[in-house]
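Remarks on the structure that follows.
We did not get these values from a lab; they are worked out from the coordinates using the rules stated. Everything numeric here is computed off the predicted structure, so don't read it as measured data. Because the Cβ atoms are built from the backbone with ideal geometry, glycine has one as well, and the counts that use them run over all protein chains shown.
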Amino acid sequence: MTFAIAAAGTGGHVFPALSVAEALTELGAAPDDIVFLGGDRFEAEAVPAAGFAFKGYRLARLQRLLSPQTLRIPFVVRRTAAAMTDDLKAAGTRVVLGMSGYVTIPAVLAAGRARIPFFLQEQNAIPGRAARFAARRAAATFLGLPGRAGRLPRSELVGNPLRPAIAAGGSGVDRAEARRRYGVDGAASVLGILGGSLGARVLNEAAGDLARSSGAGAVIHLTGPEAFDEMSRVAGRAGLPWRCWPFEAEMENFYAAVDLVVCRAGAMTVSELAATGTPAVLVPLERVGQEWNARALVVAGGAVMVPQREAARLPGVVRDLIASPARLARMSEAARSEARPDAAVVIARRLMESADG
């Protein structure tokens with residue numbers, strides 16, 4: 001295995017990792033030359049489903065509060081790093097990419113012990129503890145968004161790796177077909193509600209008021225898998241053009257179908273909004289610093305931001321935007337000005353150069 005990619009946890013880490021792997025294959029790497037390192041969460045199913053080899057390890061999630069589990073973290077990290085080191089050496093790995101998150105710590109330690117070049121990709125504007133630790137040992141850190149992450153050593157802003165269909169701005173998706181996919185083909189204006197791959201409670205709770213009084217002709221609501229059954233029942237009783245989906249694997253269809261999105265400000269969501277030129281009302285999850293992710297889009301004029309504590313304002317904010325197609329058009333152009341659609345290829349090329357060197 002020439003390339004090892006460490007990615008674990010949620011789609012926010014795993015999807016950009018898969019985009020880099022796909023870019024590697026487009027540049028000539030064989031899929032068999034790529035292995036993913038992770039744990040037992042989303043990555044354990046998503047990576048094999050995408051056709052890449054996967055190696056699972058016991059991982060320790062970083063925690064802020066002192067507990068018996070916290071005290072065991074160093075021991076788990078050491079054991080996992082040792083196992084990764086043996087596996088990297090045995091496979092003949094020549095370069096390792098960490099996608100931030102807790103799997104990055106044993107991965108960067110293993111790369112160091114095996115004397116293999118290590119690269120880091122940080123999706124967010126504010127780096128997490130794992131990224132700050134790994135960046136000191138990385139040959140380069142590829143940043144997804146502008147912000148405090150720019151203080152990391154040897155960092156460069158390249159954008160977040162996106163799937164080709166998204167990176168292309170959804171240009172290959174027909175808007176009418178996308179709307180038929182969701183059953184909203186007759187609507188004059190469509191509002192999208194997006195909480196990320198796991199959904200967002202505050203947006204699910206606001207969805208009913210948005211469907212009733214936002215002025216949109218229809219609502220496409222990506223609820224997250226856990227909330228789907230309940231939200232579907234609520235939407236069904238409401239008697240409104242409010243369509244619920246648990247999850248969308250082909251997000252280019254969602255962005256093509258909607259005129260405006262109400263969503264969190266996860267790093268990948270912000271990058272997708274820019275690439276597709278989708279106007280947005282962002283409700284950041286502030287305890288993880290998402291307001292920093294939102295800033296570039298907001299400053300450019302491609303999005304407006306509503307703090308979670310002011311979620312009651314959402315219907316009015318959305319109503320004003322839906323009523324102004326000209327403003328939505330300006331927001332779309334402003335969002336596109338922040339796009340960096342070639343990030344996956346840029347990172348893949350750097351990895352290949354390192355492997356060849």
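Give the relative contact order (percent, whole number) for the chain; include only Cα pairs under 8 Å separated by 6+ residues. Reported as a whole number, the value is 16 percent.
Here, region 168-336 is characterised by an Rg to Rh ratio of 0.92, where Rg is the alpha-carbon radius of gyration and Rh the Kirkwood radius. Taking a spot 7 Å from the Cα of residue 319 along the direction of its beta carbon, which residues of region 189-231 have an amide N less than 20 Å from it? From region 189-231, the list is 189-193, 203-220. Considering the chain at the alpha-carbon level, its Rg and Dmax are found to be 20.6, 62 Å. Here each label is just a point 7 Å from Cα along the line to Cβ, and for residue 45 and residue 154 those points are 3.7 nm apart. Think of region 168-336 as having a plus end and a minus end, set by charges on the Cβ of Lys, Arg, Asp and Glu; of 266, 225, 302, 302 sits farthest toward the positive end of this dipole. For the pair residue 202 and residue 78, the difference between a 0.36 nm per residue extended length and the Cα-Cα distance amounts to 40.8 nm.
If you take the alpha carbon atoms of region 135-203 and fit the smallest convex hull around them, that volume is 165 Å³ per residue. Each helix, a run of at least 4 DSSP H residues, gives -39500 (n - 2.57); summed and divided by the residues of the chain, these come to -14000 deg cm²/dmol at 222 nm. Pairs of Cα atoms nearer than 8 Å and 6+ residues apart set the relative contact order; for region 168-336 it is 24 percent.
Mean-square fluctuations from a GNM of the chain, with a 10 angstrom spring cutoff on Cα atoms, peak among 339, 294, 83 at 83.
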